[in-house]
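Participant: Pasting in a structure now, in structure tokens, and then I'll have a few things to ask.
The values are calculated or read from the model by the stated rules, or taken from the named source; none is laboratory data. It should be emphasised that the depicted structure is a prediction, and the values quoted were computed from it without experimental measurement. So basically every Cβ, Gly included, is an ideal-geometry build from the backbone, and we count neighbours across all protein chains shown.
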Amino acid sequence: MDPITIETVPPAGTLLSLTVRRGQSDPRTQQRVMQPACFRVRVEEPSTQDPPGFIRLGGQPPESMDNGFIRAMPIDAFNHDWRPHVVAVYGPPSPSTPPTPPATAGEGDS
């Protein structure tokens with residue numbers, strides 16, 4: 001993942017998968033881990049209380065980070081502490097993409 005800027009903050013709903021390798025510092029706790037740790041966070045909607053240049057992250061599931069609380073941080077802190085551990089980014093579903101209806105019995109039979 002490239003460093004993010006104010007212009008390139010992922011949209012709310014984006015999931016980030018992170019892997020903290022053994023001996024590295026877990027960005028959630030700032031503690032070195034003895035075993036690899038894998039977890040996901042969700043980019044949350046910005047708050048009116050956050051100054052420009054902040055990103056908000058919540059655990060996915062919520063209890064997996066900070067007992068369900070959302071963490072706000074400067075983008076520079078995200079790029080320094082969190083971004084090196086990001087292994088995959090999953091964007092939120094596009095609102096213009098309708099869900100695929102389930103196939104019905106007999107559909108496609110010839």
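Participant: Of everything in the stretch 51-82 that's in contact with a helix residue (DSSP H, G or I) (Cβ under 7 Å, 6 or more places away or on another chain) and part of a helix (DSSP H, G or I), which residue is surrounded by the fewest Cβ atoms within 10 Å (Cβ to Cβ)?
Facilitator: Residue satisfying both the conditions and the ranking: 68.
Participant: Another question, then. Out of 19, 8, 29, 48, which single residue is hydroxyl-bearing (Ser, Thr, Tyr) and in contact with a Pro (Cβ under 9 Å, 6 or more places away or on another chain)?
Facilitator: Values: 8 fails: in contact with a Pro (Cβ under 9 Å, 6 or more places away or on another chain); 29 fails: in contact with a Pro (Cβ under 9 Å, 6 or more places away or on another chain); 48 fails: in contact with a Pro (Cβ under 9 Å, 6 or more places away or on another chain).
From the options 19, 8, 29, 48, the qualifying one is 19.
Participant: Looking at the stretch 51-70, I want the residues that are over 14 Å from residue 28 (Cα atoms) and have a partner that is part of a strand (DSSP E or B) with Cβ atoms under 6 Å, at least 6 apart or on another chain. Which pairs are those?
Facilitator: Every condition considered, the pairs that remain are 53/74; 54/72; 54/74.
Participant: Any chance you could count how many residues in the stretch 65-83 are modelled with pLDDT under 90 and over 12 Å from the mean Cα position of the chain (by Cα)?
Facilitator: Matching residues across the stretch 65-83 total 4.
Participant: Let me ask something additional. Output the residue which, of all residues in the stretch 33-50 that are not in a loop (DSSP other than H, G, I, E, B) and not aromatic (Phe, Trp, Tyr), is farthest from residue 16 (Cα to Cα).
Facilitator: Here is the first cut: in the stretch 33-50, the ones not in a loop (DSSP other than H, G, I, E, B) are 37-43.
Add one more test, that the residue is not aromatic (Phe, Trp, Tyr), and what stays is 37-38, 40-43.
Numbers: 37: 14, 38: 11, 40: 5, 41: 5, 42: 6, 43: 8 Å.
Residue satisfying both the conditions and the ranking: 37.
Participant: Still on this structure: Go through the residues of the stretch 24-36 one by one and say whether even a single one is within 13 Å of residue 9 (Cβ to Cβ) and touching a Lys or Arg at 6+ places or on another chain (Cβ under 7 Å). Even if it seems obvious, please write down each step before you answer.
Facilitator: The first filter runs over the stretch 24-36 and keeps only residues within 13 Å of residue 9 (Cβ to Cβ), leaving none.
No, the conditions are met nowhere in the stretch 24-36.
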